[in-house]
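Chemist: The structure is given below, and queries will be raised subsequently.
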Amino acid sequence: MSETASMPLIADYPLRAHNTFGFDVRAQLACRIEREDQLLAAVRDPRAAGLPRLVLGGGSNIVLTRDFAGLVLLIALRGRRVVREDGDAWYVEAAAGENWHEFVEWTLAHGLPGLENLALIPGTVGAAPIQNIGAYGLEMGERFASLRAVDLASGQTVELDACACRFGYRDSFFKREGRDRFVITSVTFRLPKVWAPRAGYADIARELAVGQHGSVNGKVSGSADAAPGARAIFDAVVRVRRAKLPDPLALGNAGSFFKNPVVSAAQFAALLEREAGMVSYPQPDGRVKLAAGWLIDRCGWKGRALGAAAVHDRQALVLVNRGGATGADVLALAAAIQRDVAERFGVDLEPEPIFL
Ligand code: FAD
Ligand code: EPU
């Protein structure tokens, strides 16, 4: 490995510790970005001229199938603060390199509830808008105010609102037209002052029923049947996630490998006739979202392996690296699952992570 005098660009950089599948691939060049001005300096460095670029946060939603012949920008921008408030909400800004879960904890510790359902999602704040992270009845887009990003095409810094980001289910502008063009440097969240619990997701409701109720950041909220507080929801989400999802430090994975597919009402009705007990979520537009984990489970894949790549034994939507798997191994497993699900249910599963 070597460094240039101008920017600390590191050649032949190992990415194993920078992707939660733990794939052992390398980057031609890498640069740790701790200040915004380092971004343009890095991409304009003569050694990086003409090379493709890859932005990496925690590497928890990416499948690195090969070495990267380009420049990896390792986002390490730090800082978080309340930037303003109005009558209805607090506005909280966090730099892109902040750890997402630590940021959620920090908001609660400062009496700013609203993100608790998204506890324990791995990765960074800057990646949260890329697929509009969501869990347990809440999507990030519902708490989003704006973001700052550097447009690598023009070198300009831009501020984008929710409309420009075009958030959808595990989707945004940045996964489509904006792909590989913008580096998000900070995100501002809008946390309403009137807080209401979001505790309807079955796993969370069940967990709360056996856990502790009744406080918002330690302040008991009134009557004996008071709604669960933000901290109680946070704790319940953490417990549910620890029980179902593998810790990437122990077992490499990137969370859900496929999106939950959305089918027409007619296709759903036909499927339900054949498949009793099919898990489904009606959508506002009349279509129906299916649980991909249930479909994969029904095909008998839960706990099964193809070489060193396997389907997690507690959550069939999560593919894991049992040790020594490559991106190609995981892709072969994913393709076999897609084939079986398509054959049995006539449903195409779309991968959720980004592939390289
Ligand atoms: P990375 O994997 O580093 O990057 C993901 C993509 O975003 C890449 O295309 C990258 O280029 C781009 N990117 C990253 N940072 C920036 C930036 N600053 N500017 C521009 N582009 C950027 N996701 C959910 O939505 N809900 C869940 O419940 C959930 N659970 C998970 C559980 C586990 C165990 C794991 C491993 C993953 C889970 N995920 C979940 C997926 C993942 O945690 C999220 O997508 C997370 O936001 C990824 O953050 P990251 O920093 O690791 O992104
Ligand atoms: N199910 C099975 N078998 C399985 C897995 C799931 O039958 O092996 C059933 C469950 O019993 C449940 C349903 O499928 O009835 C849904 O399962 P779960 O509640 O675990 O959620 P999911 O749909 O599999 C989604 C997200 C997760 C998010 C959880 C909680 C997607 C693609 N995944 O998973 O997000 O944490 O809901 O909201 O939308 C991620 O994106 O990486 C991720 C982990």
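The values are calculated or read from the model by the stated rules, or taken from the named source; none is laboratory data. In this text the structure is predicted, and so the values were computed from the model without any measurement. Note that we place each Cβ from the backbone using ideal geometry, even for glycine, and neighbour counts take in every protein chain shown. Protein only, heavy atoms only, side chains kept; ligands, DNA and RNA dropped before computing areas. Shrake-Rupley method; radii C 1.70, N 1.55, O 1.52, S 1.80 Å.
Chemist: Out of everything in the range 155-175 that is touching a residue at least 60 places away in the same chain (Cβ under 8 Å) and under 24 Å from TYR201 (Cα atoms), what residue ends up being least open to solvent (accessible area, probe 1.4 Å)?
Modeler: ARG170
Chemist: Name every residue in the range 40-92 that is within 16 Å of ligand 2 (Cβ to nearest atom), open to solvent by less than 20 Å² (accessible area, probe 1.4 Å) and of a type in the set (Gly, Ala, Ser), in order of residue number.
Modeler: The answer is GLY59, and nothing else.
Chemist: Additional query: Step by step: first the residues of the range 252-277, then only those that are aliphatic (A, V, I, L, M) and open to solvent by 40 Å² or more (accessible area, probe 1.4 Å), then the one that is farthest from ligand 2 (Cβ to nearest atom). Which residue is that?
Modeler: Per the criteria, the residue is ALA266.
Chemist: Any residue that is at pLDDT 95 or above, more than 30 Å from GLY323 (Cβ to Cβ) and open to solvent by 40 Å² or more (accessible area, probe 1.4 Å) - is there at least one of those in the range 286-294?
Modeler: Scanning the range 286-294, I find at least one residue that is at pLDDT 95 or above, more than 30 Å from GLY323 (Cβ to Cβ) and open to solvent by 40 Å² or more (accessible area, probe 1.4 Å), so the answer is yes.
Chemist: Can you tell me which of (1) open to solvent by less than 40 Å² (accessible area, probe 1.4 Å); (2) at negative phi; (3) small (Gly, Ala, Ser) is the one ALA17 doesn't meet?
Modeler: ALA17 satisfies all of (1) open to solvent by less than 40 Å² (accessible area, probe 1.4 Å); (2) at negative phi; (3) small (Gly, Ala, Ser) except (1).
Chemist: I've got another one for you. In a loop (DSSP other than H, G, I, E, B), under 21 Å from PHE268 (Cβ atoms) and more than 10 Å from ligand 2 (Cβ to nearest atom): which single residue out of ASP340, ASP348 fits that description?
Modeler: Result of the check over ASP340, ASP348: ASP348.
Chemist: Which condition breaks for ARG35 when tested against (1) open to solvent by less than 10 Å² (accessible area, probe 1.4 Å); (2) away from ligand 1 (no atom under 13 Å from the Cβ); (3) within 22 Å of LEU152 (Cβ to Cβ)?
Modeler: (1)
Chemist: So which residues in the range 93-125 are crowded, with 24+ Cβ neighbours inside 10 Å, in a strand (DSSP E or B) and among the polar types (S, T, N, Q)?
Modeler: Answer for the range 93-125, where residues must be crowded, with 24+ Cβ neighbours inside 10 Å, in a strand (DSSP E or B) and among the polar types (S, T, N, Q): just THR124.
Chemist: Looking only at residues that are in contact with a helix residue (DSSP H, G or I) (Cβ under 6 Å, 6 or more places away or on another chain) and not in a loop (DSSP other than H, G, I, E, B) in the range 304-326, which one is nearest to ligand 2 (Cβ to nearest atom)?
Modeler: LEU319
Chemist: LEU71 fails exactly one of the following numbered conditions: (1) part of a strand (DSSP E or B); (2) under 19 Å from the mean Cα position of the chain (by Cα); (3) hydrophobic (A, V, I, L, M, F, W, C). What is the number of that condition?
Modeler: Unmet for LEU71, out of (1) part of a strand (DSSP E or B); (2) under 19 Å from the mean Cα position of the chain (by Cα); (3) hydrophobic (A, V, I, L, M, F, W, C): (2).
Chemist: On to the next question. All but one of (1) in a loop (DSSP other than H, G, I, E, B); (2) under 30 Å from ALA209 (Cα atoms) hold for ILE296, so report the exception by its number.
Modeler: Of the numbered conditions (1) in a loop (DSSP other than H, G, I, E, B); (2) under 30 Å from ALA209 (Cα atoms), the odd one out for ILE296 is (1).
Chemist: Being within 16 Å of ligand 2 (Cβ to nearest atom) and open to solvent by less than 70 Å² (accessible area, probe 1.4 Å) is the filter here; which residues of the range 188-204 pass it?
Modeler: PRO197, ALA199, ALA202, ASP203, ILE204
Chemist: Does ASP329 count as part of a loop (DSSP other than H, G, I, E, B) and either at negative phi or open to solvent by 40 Å² or more (accessible area, probe 1.4 Å) (or both)?
Modeler: In short, no.
Chemist: Next question, about the same structure. List the residue pairs whose Cβ atoms are under 8 Å apart, where the first residue sits in the range 108-122 and is small (Gly, Ala, Ser), the second is open to solvent by less than 10 Å² (accessible area, probe 1.4 Å), and the two are 6 or more positions apart or on different chains.
Modeler: GLY114/THR107; GLY114/PHE189; GLY114/LEU191; GLY114/ALA230; ALA119/VAL104; ALA119/PHE234; ALA119/VAL237
Chemist: Say we look at the range 134-154 and pick out the residues that are among the aliphatic types (A, V, I, L, M) and open to solvent by 20 Å² or more (accessible area, probe 1.4 Å); which of these is nearest to ligand 2 (Cβ to nearest atom)?
Modeler: ALA145
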